[in-house]
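Q: Have a look at the structure that comes next, please.
Nothing in this text is a laboratory measurement; each read-out follows from the coordinates by a stated rule. For clarity, every value in this text was computed on a predicted model and none was experimentally measured. Cβ atoms come from the backbone with ideal geometry, glycine included; neighbour counts cover every protein chain shown.
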Amino acid sequence: MIDLVGAWSLHSSINYRDGVGTPSFGDPPSGQLQYSREGRMSGFLMNPEWPGRPTAEADPFDEFFAYAGRWRRAGDQVTHWVDFCSVATKVGTQFVRTVNVISDTRIELVTAPETSKSGRVYVTRLIWDRVVPDGPLTI
């Protein structure tokens, strides 16, 4: 079992709707995920083109998403308890992800399938690369 503690950089984010995939948060996307040994976590996903777009053209939900809270892993499942979020309705919820190990430095997190009122099935697959530290920062 791979240790999740540390920082991870978003490699790809694909939203699947009834099995058809569409890149999300840009192609390639930008993002960072951090897990602490103390059980705290934070995640940020952003389309790298978002900061330069006029406000009228940007859809914030598709351009930037951030949340933080607590986490726990049990086998191939990781649960994120959302204490803070850029989408207010997600505060107080849980995100359960299946962890698929691709290599020692790459994981895939897969959202639990959700079925919409229309019957469409939604799943997101996010691939994360472990961030290798460059060394301590000097301040």
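Q: In segment 1-106, what is the volume of the convex hull around the alpha carbon atoms, normalised per residue and reported in Å³?
A: 127 Å³
Q: Report the label-to-label distance for residue 91 and residue 72 in nanometres (one decimal), using points 7 Å from each Cα along the Cα→Cβ vector.
A: 2.3 nm
Q: Trypsin sites (Lys or Arg not before Pro) within segment 30-124: which are DSSP loop residues with at most 16 other Cβ atoms inside 10 Å?
A: Here the sparse-neighbourhood loop sites are 37, 117, 120.
Q: Let's test the formula: R0 of 25 Å, r as the Cβ-Cβ distance of residue 104 and residue 81. What FRET efficiency results, to the nearest 0.05?
A: After rounding to 0.05, the efficiency reads 0.35.
Q: Enumerate the calculated ³J(HN,Hα) couplings along segment 41-52 in order (Karplus 6.51 cos²θ - 1.76 cosθ + 1.60, θ = phi - 60°), each rounded to whole Hz, writing x wherever the residue is Gly or Pro.
A: These are the phi-based 3J(HN,Hα) values: 8, 8, x, 9, 10, 8, 6, x, 8, 4, x, x Hz.
Q: Return the long-range amide H neighbours of residue 93 (sequence gap of 5 or more, or a different chain), with a cut-off of under 5 Å between placed amide H atoms.
A: Sorted by chain and number, the residues that satisfy this are 82.
Q: Using a Gaussian network model of the chain with C-alpha springs under 10 Å, which one of 62, 18, 83 is most mobile by mean-square fluctuation?
A: 18
Q: Can you give the helix-only mean residue ellipticity at 222 nm for the chain, where every DSSP H stretch with n ≥ 4 adds -39500 (n - 2.57) and the sum goes over all residues, rounded to the nearest 500 deg cm²/dmol?
A: Calculated mean residue ellipticity at 222 nm is -500 deg cm²/dmol.
Q: If I take R0 = 25 Å and measure r between the Cβ atoms of residue 112 and residue 5 in this structure, what FRET efficiency does the formula 1/(1 + (r/R0)^6) give, to the nearest 0.05?
A: 0.65
Q: Let me ask you something else. For segment 63-139 and segment 34-55, what is the separation of their C-alpha centers, rounded to whole Å?
A: Here the answer is 11 Å between Cα centres.
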